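Only one structure is covered here, and it is reproduced in the block below.
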Amino acid sequence: MAVEAIDQFMNISRGTVFVRTWRPEEASKVPIVLLHDSLGSVELWRDFPEALAAATGRSVIAYDRLGFGKSSIRTDPAVPEFVDDEARTYFPAIVKSLGLSQYVLFGHSVGGGMALASASISGDSCVAVITESAQAFVEERTLSGIRAAKQSFENEAQLSRLSKWHGERARWVLEAWTEVWLSPRFREWSLDHYLGKVICPVLAIHGDSDEFGSSEFPHRITQGVSGPARMKILNECGHVPHREKEADVLSLVCSFLFENQVP
């Protein structure tokens, strides 16, 4: 199936956001919106959005959060409430600018947490959520992985590779991840106060070898939401299933959407 990619910039209250839409021929179903991880961007999704659009027959939309990728630079330090801010302020502005009345959310890592938080306050607009490697609370395994990553980025060559995707934003992007997650104020963070308000179907995908979190995360998610929920643990898979096990992820998503009769 042929898929067309369309780029645009949207002005919201705090700056300009870069958005890319992959649109298959004759797409008529509710679109899928991708929410990236802590170091992610539109470009770092690589070929997955096009493959997802072709497999599902749905438009797939991804955007760079403010401070990331090609969106406006941020200089203010990230705050522990950044997941809440995305769900309550920035994502609704994107939805309004795109004119979306309904959507499916697909979030990777912290983007999965943002997807669930957004779904909990969106009413009937969010018709399904797919989380991939999403954190549900602060686990020591997560902190250990972040500490190791922070140490690796002390190597300038490693930071330069991050700059490929974020340009002069790279240092801010890195610290927005490491300094918030490792701060004492963030230790009590969890999705618990959002989960019970998620009424749409939820699919929680997790790798058995995820270096940033155990299977306790998808367990907490699927047991906590109010709508129908399914968990899938992928064998021999780390933190990025859509890259490591793309065919499995595409198959899971298509089956999930079909079984739950997502419009």
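Sort out which residues of region 1-45 are at negative phi, among the acidic types (Asp, Glu) and either in contact with an Asp or Glu (Cβ under 6 Å, 6 or more places away or on another chain) or not in a strand (DSSP E or B) (or both), and write them in order of number.
25, 37, 43 - these are the residues of region 1-45 that are at negative phi, among the acidic types (Asp, Glu) and either in contact with an Asp or Glu (Cβ under 6 Å, 6 or more places away or on another chain) or not in a strand (DSSP E or B) (or both).
Any residue in region 152-165 that's over 15 Å from residue 44 (Cα atoms): show its pairings with residues that are part of a helix (DSSP H, G or I) and at pLDDT below 90 at Cβ separation under 8 Å, as long as the two are six or more apart or on different chains.
152/158; 153/159
Among (1) in contact with a strand residue (DSSP E or B) (Cβ under 6 Å, 6 or more places away or on another chain); (2) at pLDDT below 95; (3) surrounded by 16 or more Cβ atoms within 10 Å (Cβ to Cβ), which single condition is residue 33 missing?
All conditions pass for residue 33, except number (2).
I need the full set of residues from region 182-201 which are in a loop (DSSP other than H, G, I, E, B) and either more than 18 Å from the chain's Cα centre (by Cα) or among the basic types (Lys, Arg) (or both), in order please.
Once the filter is applied, which keeps residues that are in a loop (DSSP other than H, G, I, E, B) and either more than 18 Å from the chain's Cα centre (by Cα) or among the basic types (Lys, Arg) (or both), region 182-201 yields 182, 183, 187, 188, 196, 197, 199.
Does residue 202 satisfy the condition of being buried (at least 23 other Cβ atoms within 10 Å of the Cβ), over 10 Å from residue 132 (Cα atoms), touching a residue at least 24 places away in the same chain (Cβ under 8 Å) and in contact with a Leu (Cβ under 9 Å, 6 or more places away or on another chain)? Break it down stepwise before answering.
On the way: buried (at least 23 other Cβ atoms within 10 Å of the Cβ): yes; over 10 Å from residue 132 (Cα atoms): yes; touching a residue at least 24 places away in the same chain (Cβ under 8 Å): yes; in contact with a Leu (Cβ under 9 Å, 6 or more places away or on another chain): yes.
Yes: the conditions hold for residue 202.
Looking only at region 156-208, which residues are in contact with a Pro (Cβ under 6 Å, 6 or more places away or on another chain) and within 27 Å of residue 250 (Cα to Cα)?
201, 204, 205, 206, 207, listed by residue number.
Please verify whether region 171-181 includes one or more residues that are farther than 20 Å from residue 149 by Cα and in contact with a helix residue (DSSP H, G or I) (Cβ under 9 Å, 6 or more places away or on another chain).
Looking through region 171-181, none of the residues is farther than 20 Å from residue 149 by Cα and in contact with a helix residue (DSSP H, G or I) (Cβ under 9 Å, 6 or more places away or on another chain).
Which residue, of 95, 110, is among the β-branched types (Val, Ile, Thr), surrounded by 22 or more Cβ atoms within 10 Å (Cβ to Cβ) and either within 25 Å of residue 28 (Cα to Cα) or at pLDDT 95 or above (or both)?
Step by step, each of 95, 110 is checked, and only 110 is among the β-branched types (Val, Ile, Thr), surrounded by 22 or more Cβ atoms within 10 Å (Cβ to Cβ) and either within 25 Å of residue 28 (Cα to Cα) or at pLDDT 95 or above (or both).
Sort out which residues of region 1-47 are within 18 Å of residue 131 (Cα to Cα) and among the small types (Gly, Ala, Ser), and write them in order of number.
Passing the criteria: 38, 40, 41.
Check every one of the helices (runs of 4 or more DSSP H) wholly within region 202-263 and list those with 1 or more residues that are on the phi > 0 side of the Ramachandran plot. Outline the logic, then answer.
Numbers: elements: 216-224, 241-244, 246-259.
Correct list: empty, since no element meets the threshold.
Could you figure out which of (1) over 21 Å from residue 133 (Cα atoms); (2) in a helix (DSSP H, G or I); (3) among the acidic types (Asp, Glu) isn't true of residue 50?
Going through (1) over 21 Å from residue 133 (Cα atoms); (2) in a helix (DSSP H, G or I); (3) among the acidic types (Asp, Glu) one by one, residue 50 breaks only (1).
The values are calculated or read from the model by the stated rules, or taken from the named source; none is laboratory data. None of the values given here were measured: they were computed from a predicted structure. A quick note on method: Cβ atoms are made from the backbone with ideal geometry, for glycine too, and the neighbour counts reach across all protein chains shown.
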